[in-house]
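First comes the structure, then the notes that go with it.
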Amino acid sequence: MGIQAVLIDIDQKSTPALENPAGLVIVSDPQNADTTSFLLSAFNLIRVNAHHLSGDAETTGVFFTTVSFFGGTFGFNMDTPPACPEYGGLAGLTKTAALEWPDVLCHALDMPADPDAAKAHSETAVALMLTHGAVEMGIQGDQCLIPNLVPSAIPQNNTNSLDLNDKNVVVITGGAKGVTAECALALAKTCNPIIVLMGRSPEPFEEPDWLKGVTDPGKMKKAILAHEFSDHKPKPAEVEAQYQRFVSNRSILKNIRRIGTHASKVKYLSLNIMDRQQVADALTEVKNTLGSITAVIHGAGVLEDKLIAEKSVEQFQRVFNTKVQGLEAILDAIDLVQLKYLVLFSSIAGRLGNRGQCDYAAANEVLNKKAQAMALSLPECRVLSLNWGPWDGGMVTPDLKKEFSRRGVELIPLSAGAAQLVDEMANPDRGVVEVIIGGTMNPTPKDKPPRMNRTMSLALGPKATPIVNVHKIDHTPVVPFALMADLMGRVATQNNPGLQFIGMDNMRLLKGITLDSEDIVVQVNTGKCQRSGHLLFAPAELVCETGPLKYAQAQVALAEALPEPPVLSQAAFMDLAPCALTPQRAYETVLFHKGSLKSIIEIKGISPKGIEVIAMPGTAQEDWYAAATSNTWTVDPLMLDTAFQAAILWLHETRGQVCLPSFFANLRVYRSYAARSGNIRVLFTVNNETRNAIQGYFTFLDDTDTVIASMMGFEGIIDPALKEKFHPEPLFNRDKILAFAQGNPSEAFGEAYKIFDSERQIARLPRPPYFFMDAVNTIDHTPWEMAPGGWIESEYTIPESAWYFTANRSHTMPFCILLEIALQPCGWLAAYAGSALHSDARLHFRNLGGDAVLISSPTNESGRLTIRVKMTDVSKAGGMILQDFKLQVLNQGKPVYEGTTNFGFFTAEALANQVGIRAPRFYQDLNIDQAPIVFEDNAPLTPNDPHRSSDTGMPAKAIRMIDRIEHMDPEGGLYSQGIVQASKDVIPEDWFFDAHFYQDPVCPGSLGVESFIQMLRFFLVTHYTIDPEKYRPDMAEDIKHKWCYRGQITPSNKKVTLQAHIKRSTITNDQYAITADGCLMVDGICIYEMEDFSTRFIAKGERPRSKSAFIQTARQ
């Protein structure tokens, strides 16, 4: 870690004062049985150095850690008793130090009991020492365990199961007044045992006659002055002492009488609980006169509250020894085998710590750990450690009661607390040893909320924050929790120039923000920075601009420089098993995130303890904000969102549930966004899971395994209803889309399209087997409004054994299928926009052309494709409707094909007047003197044909769109690089006329382009003698291509002729590629032009070349 370490023997007589310490670590020694001396020395070390630690923390980061070895569970869930449970007192010291020294990073770590395992996790322990988060953290295997309080009810009216009777002896320490007296009375009323009370007060005596009947304090003191001090004039303190003696005596006598009314016998013993011999003698007498001791309730305790720096060693000893040595004296003096009940009165100060009570917290934590150990050692005995909150009596004086009231701490009424004791003893669940009863000792102070200033207003919505378009739950855009964090983080940072964002504390979602098509305006409010140690914290909140609604709040941590990252050992990385879920499948079936939020590229592994994923670095700000507010990320919301996605995946794979983020306690950033490199490694470790929530922490690393950020105290809310909302039914499913393609359009679009069910015909989508839309999931367009600006998102899942892969003789998708996948949603959006409703004439929908780039060829293993199309322009003229579209096809969130296209709606009359392209650019008159090469009709012959045939390098008949090669010259053509001419006979019974379209048969333009590509494929196979067993066909990537349609092929046509003019060739060891321009003619009229289409054969097993490599090769 780069911190110089010095070992200190704290058993030495002189306790060292540490100058300018970076931290202090106290490690318990399980081999040292003198635990009391060790704890006293530990206290003295932090007492002497309290000012050094807390003082230096105000200017530099200082940490304080204690280390115990209870197996990483702090004594909970152990199978065998720990060797020295007294070392649990270290955690009590630490938890109190954390409250008294808010600027010091305090941790109580619990390590494996096995020395080798502890050593193996030493680097993890050091990393946690320097990590913000819970004070108590245990290391067990790959998990970091954090103790949490869990509400628990006990059966009502169960006191009949209390195994005590009038022959059993119950010893209660703590005296015959206040709390222990009320508990003795409740126990006496319940089971009439023999009760022995032990306390410091003298045994009760008969009150003198002169005081009997006097109750007024003033009159009592006057009588005492007359009878007790007749020989001299006393000091006021002496009178007060005598007064308190008589009051105490009265209270003891009264309580003995009350208890005696119900107990079979009651006895009071006056002794010093820390004097082992006194205790042994007294309990021997009890056994000889009353019988064996069956139950012990250890309630003795004293308080001497002072801060650590101000408390003396003697004060610590008195408080600590009363609890700890008192218990040891009792246990040494009795026969433990006879015990049915052992109840220790601990305190919530032990569980949570309390200012001024480091001794009391340490002592009560010892009691808690002793109880855990005794429960294992005495399985027949009911062992309880009751961590009481403050009582309304006993050691709570009137002044202290006022202080508790001021702090909002509720006191436990004596009678209610006593009844709770009996209920806990009678609780049949013996697995519960440590019980917390009462309110917290350190409630959140009711401080005035910080004054917040309006710092920035911002619109949130599909247009202003486009990220919500890919962050939808149940089809509704939802503002990401990560975006809220980024907004508050960047605004607080911009509002404090000269400081850097280093994290956030207590980031809490108060109200989720769901959006419709309209943006809403929110405002970010920030408050004045407050220093806490070496950090500054600026309060921030996200609120509704027009009302009091608050969406989120946090404390933004700022500093002059980022902190150094912690160093993680191998032990910090979990032992994970492979995850059957792939990222692609995760986004298709579990996660609702789309588009640029699909950041996870690998799931490294999963276990019951956590999950690890690899994610892409942050995306461009334009993906999140239409108008970027800074040049770089402050928070990197994609990194945070990736973490939340990982939590969802872990929960889904382990419990079949999903969750949403609601809170994190602490985020720290160690590397700025600009300084990072490579992908991000995200580790999610689970601390706790309940029915309604999971809790854990995240570690973020870069590609060098350097920690770039950490998040502690994450909480995710589990709701069974979320699972369905993450992947709701599509807005339009396959059946509805098919109704538009070949059924009743009203079943797809409703009543407005009822007329097209029978009375009129409508422009349709292709139908199977040329139908490639499974669902429409997102629509941002007003129905029946034919206007630009609207868009939709649809999907198509590629069947692994789809007919077109077999017909194409390749696992790579044929270009015609990809083009149809991209274009068909345009036709659906045109129908949704009500295009057919804008004309009384029968309109036919035709593609007119476009330009696009193939980025990555989909294969039969690509799975689900997402298609986004946007209507960018609409015009009407001469009975025609022209529409422009922008299109994009994505796979796993990454574009694979994108470009623009335009369509037209035409009357039958307009289509009949087919003049084509008047001056074709890519046609050349040829003197053909070659005999044509005629292709055999190889199976599969149609899309439904189950038969197969050997691979010739050319497609099978089902998708082959050329019948013969009429001419090929490797040196001819417009560019002298080669020319091919092919032709196809138009057969009215061809399958595609029936599929494209219902009620309007026309050859798909995409199949016309496919025929052009097939010519190029033939050129490659024959000219370069390519072996189809060694090479596979594919479209070349990253080359922009264009197509233009000015006519159609119908069943009435006779012949299609095509020409391809090679303009560039690329030959390498692993691929053969050509790029060409060309045209398509039907019955002598040129109706299609294709420009810069490129196809290739790649050696099987090779990955396609990148764009730059391809171009470089092409120029050679």
Scanning the stretch 985-1008 for residues that are of a type in the set (Val, Ile, Thr) and within 18 Å of residue 956 (Cβ to Cβ) gives 987
request  = Inspect all residues belonging to the stretch 188-199 and state whether any of them is in contact (Cβ under 8 Å) with a residue 24 or more places away in the chain, of a type outside the set (A, V, I, L, M), within 26 Å of residue 318 (Cβ to Cβ) and in the same structural domain as residue 418 (by TED's automatic domain parsing).
outcome  = yes
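Residues are listed down the side, and each one gets a yes or a no for (1) free of Cβ contacts under 8 Å to residues at least 24 places away in the same chain; (2) assigned to a loop (DSSP other than H, G, I, E, B); (3) farther than 30 Å from residue 1101 by Cα:
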site: 747; (1), (2), (3): yes, no, yes
site: 752; (1), (2), (3): no, no, yes
site: 760; (1), (2), (3): no, yes, yes
site: 765; (1), (2), (3): no, yes, yes
site: 786; (1), (2), (3): no, yes, yes
site: 810; (1), (2), (3): no, yes, no
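Residue by residue, here is whether (1) aromatic (Phe, Trp, Tyr); (2) within 27 Å of residue 284 (Cβ to Cβ); (3) in contact with a helix residue (DSSP H, G or I) (Cβ under 7 Å, 6 or more places away or on another chain); (4) modelled with pLDDT of 95 or more holds:
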site: 337; (1), (2), (3), (4): no, yes, no, no
site: 342; (1), (2), (3), (4): no, yes, yes, yes
site: 358; (1), (2), (3), (4): no, no, yes, yes
site: 364; (1), (2), (3), (4): no, no, yes, yes
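Hey, among 792, 855, 867, which residue is in contact with a helix residue (DSSP H, G or I) (Cβ under 6 Å, 6 or more places away or on another chain) and over 20 Å from residue 770 (Cα atoms)?
On the way: 855 fails: in contact with a helix residue (DSSP H, G or I) (Cβ under 6 Å, 6 or more places away or on another chain); 867 fails: over 20 Å from residue 770 (Cα atoms).
Selected residue: 792, the only one of 792, 855, 867 that is in contact with a helix residue (DSSP H, G or I) (Cβ under 6 Å, 6 or more places away or on another chain) and over 20 Å from residue 770 (Cα atoms).
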Quick count over the stretch 674-686, residues being of a type in the set (Ser, Thr, Tyr) and surrounded by fewer than 17 Cβ atoms within 10 Å (Cβ to Cβ), is 1
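Can you name every residue in the stretch 958-969 that is in a loop (DSSP other than H, G, I, E, B) and in contact with a Phe, Trp or Tyr (Cβ under 8 Å, 6 or more places away or on another chain)?
958, 959, 960, 962, 963
Is it true that residue 542 is in contact with a helix residue (DSSP H, G or I) (Cβ under 7 Å, 6 or more places away or on another chain), within 19 Å of residue 596 (Cβ to Cβ), buried (at least 21 other Cβ atoms within 10 Å of the Cβ) and touching a residue at least 12 places away in the same chain (Cβ under 8 Å)?
On the way: in contact with a helix residue (DSSP H, G or I) (Cβ under 7 Å, 6 or more places away or on another chain): yes; within 19 Å of residue 596 (Cβ to Cβ): no; buried (at least 21 other Cβ atoms within 10 Å of the Cβ): yes; touching a residue at least 12 places away in the same chain (Cβ under 8 Å): yes.
Taking the combined requirement at face value, the residue does not satisfy it.
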Here the qualifying pairs (Cβ atoms under 7 Å; residues six or more apart or on different chains; first in the stretch 650-674 and without any contact (Cβ under 8 Å) to a residue 60 or more places away in the chain; second surrounded by fewer than 20 Cβ atoms within 10 Å (Cβ to Cβ) and not in a helix (DSSP H, G or I)) come out as 654/608; 673/632; 674/632
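Does residue 105 meet the test of being farther than 30 Å from residue 424 by Cα, touching a helix residue (DSSP H, G or I) at 6+ places or on another chain (Cβ under 9 Å) and modelled with pLDDT of 85 or more? I'd like the intermediate steps shown before the answer.
Values: farther than 30 Å from residue 424 by Cα: yes; touching a helix residue (DSSP H, G or I) at 6+ places or on another chain (Cβ under 9 Å): yes; modelled with pLDDT of 85 or more: yes.
Against the criterion (farther than 30 Å from residue 424 by Cα, touching a helix residue (DSSP H, G or I) at 6+ places or on another chain (Cβ under 9 Å) and modelled with pLDDT of 85 or more), residue 105 qualifies.
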Counting only residues in the stretch 870-881 that are part of a strand (DSSP E or B) and touching a residue at least 24 places away in the same chain (Cβ under 8 Å), the one farthest from residue 462 (Cα to Cα) is identified as 880
Considering the stretch 241-283, residues that are outside any helix (DSSP H, G or I) and among the aliphatic types (A, V, I, L, M), and then whichever is farthest from residue 332 (Cα to Cα), we arrive at 263
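I want to confirm something. Restricting to the stretch 753-807 and keeping residues that are of a type in the set (Asp, Glu) and in contact with a strand residue (DSSP E or B) (Cβ under 8 Å, 6 or more places away or on another chain), which single residue is farthest from residue 998 (Cα to Cα)? Reasoning before the result, please.
If we filter the stretch 753-807 for residues that are of a type in the set (Asp, Glu), which is where we start, we get 757, 759, 774, 780, 785, 793, 795, 800.
Going one step further and asking which of them are in contact with a strand residue (DSSP E or B) (Cβ under 8 Å, 6 or more places away or on another chain), we end up with 774, 780, 793, 795.
On the way: 774: 18, 780: 28, 793: 24, 795: 22 Å.
Taking the candidates together, the pick is 780.
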Residue 504 passes all but one of the listed conditions (1) outside any strand (DSSP E or B); (2) surrounded by 17 or more Cβ atoms within 10 Å (Cβ to Cβ); (3) under 22 Å from the mean Cα position of the chain (by Cα); the exception is number (1)
Within the stretch 7-29, restricting to residues that are within 24 Å of residue 324 (Cβ to Cβ) and buried (at least 16 other Cβ atoms within 10 Å of the Cβ), the one that is farthest from the chain's Cα centre (by Cα) is 15
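Residue by residue, here is whether (1) of a type in the set (Asp, Glu); (2) at pLDDT below 90; (3) assigned to a strand (DSSP E or B) holds:
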{"position": "531", "(1), (2), (3)": "no, yes, yes"}
{"position": "547", "(1), (2), (3)": "no, yes, no"}
{"position": "557", "(1), (2), (3)": "no, no, yes"}
{"position": "581", "(1), (2), (3)": "no, no, no"}
Conditions (1) more than 14 Å from residue 954 (Cβ to Cβ); (2) hydroxyl-bearing (Ser, Thr, Tyr); (3) crowded, with 17+ Cβ neighbours inside 10 Å -> residue 1011 fails only (1)
In the stretch 130-143, anything under 20 Å from the mean Cα position of the chain (by Cα) and modelled with pLDDT of 80 or more is listed as 134, 137
Sole miss for residue 1059 among (1) buried (at least 20 other Cβ atoms within 10 Å of the Cβ); (2) at pLDDT 95 or above; (3) under 49 Å from the mean Cα position of the chain (by Cα) is condition (3)
For the stretch 151-187 the number of residues that are assigned to a loop (DSSP other than H, G, I, E, B), out of contact with any Gly (no Cβ under 8 Å at 6 or more places or on another chain), touching a residue at least 24 places away in the same chain (Cβ under 8 Å) and among the aliphatic types (A, V, I, L, M) is 3
- Task: Report yes if some residue within the stretch 1079-1092 is crowded, with 18+ Cβ neighbours inside 10 Å and more than 30 Å from residue 906 (Cα to Cα); otherwise report no.
- Result: no
- Query: On the given criteria, is residue 758 within 30 Å of residue 1030 (Cβ to Cβ), among the small types (Gly, Ala, Ser) and not assigned by TED's automatic domain parsing to the domain that holds residue 1014?
  - Reply: no
Does residue 240 count as modelled with pLDDT under 90 and of a type in the set (D, E, K, R)? yes
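Those residues that are touching a residue at least 24 places away in the same chain (Cβ under 8 Å) and more than 27 Å from residue 510 (Cα to Cα), I need them from the stretch 675-687; list them, please.
Step one: filter the stretch 675-687 for residues touching a residue at least 24 places away in the same chain (Cβ under 8 Å), giving 676-687.
The answer is 676, 677, 678, 679, 680, 681.
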By residue number, the members of the stretch 307-324 that are surrounded by fewer than 20 Cβ atoms within 10 Å (Cβ to Cβ), in a helix (DSSP H, G or I) and in contact with a Lys or Arg (Cβ under 8 Å, 6 or more places away or on another chain) are 309, 313, 315
Subset of the stretch 725-745, residues surrounded by 14 or more Cβ atoms within 10 Å (Cβ to Cβ) and part of a helix (DSSP H, G or I), comes to 725, 726, 734, 736, 737, 738, 739, 740, 741, 742
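Filter the stretch 885-920 down to the residues that are of a type in the set (A, V, I, L, M, F, W, C), buried (at least 20 other Cβ atoms within 10 Å of the Cβ) and not in a strand (DSSP E or B) and list them by number. Show your work before the answer.
From the stretch 885-920, those of a type in the set (A, V, I, L, M, F, W, C) are 885, 887, 889-890, 896, 903, 905-906, 908, 910-912, 915, 917, 919; that's our starting set.
Okay, now just the ones that are also buried (at least 20 other Cβ atoms within 10 Å of the Cβ), so 885, 887, 889-890, 896, 903, 905-906, 917.
Result: 917, single match.
The values are calculated or read from the model by the stated rules, or taken from the named source; none is laboratory data. Predicted model, so just to flag it, every value in this text is computed and none were measured. Because the Cβ atoms are built from the backbone with ideal geometry, glycine has one as well, and the counts that use them run over all protein chains shown.
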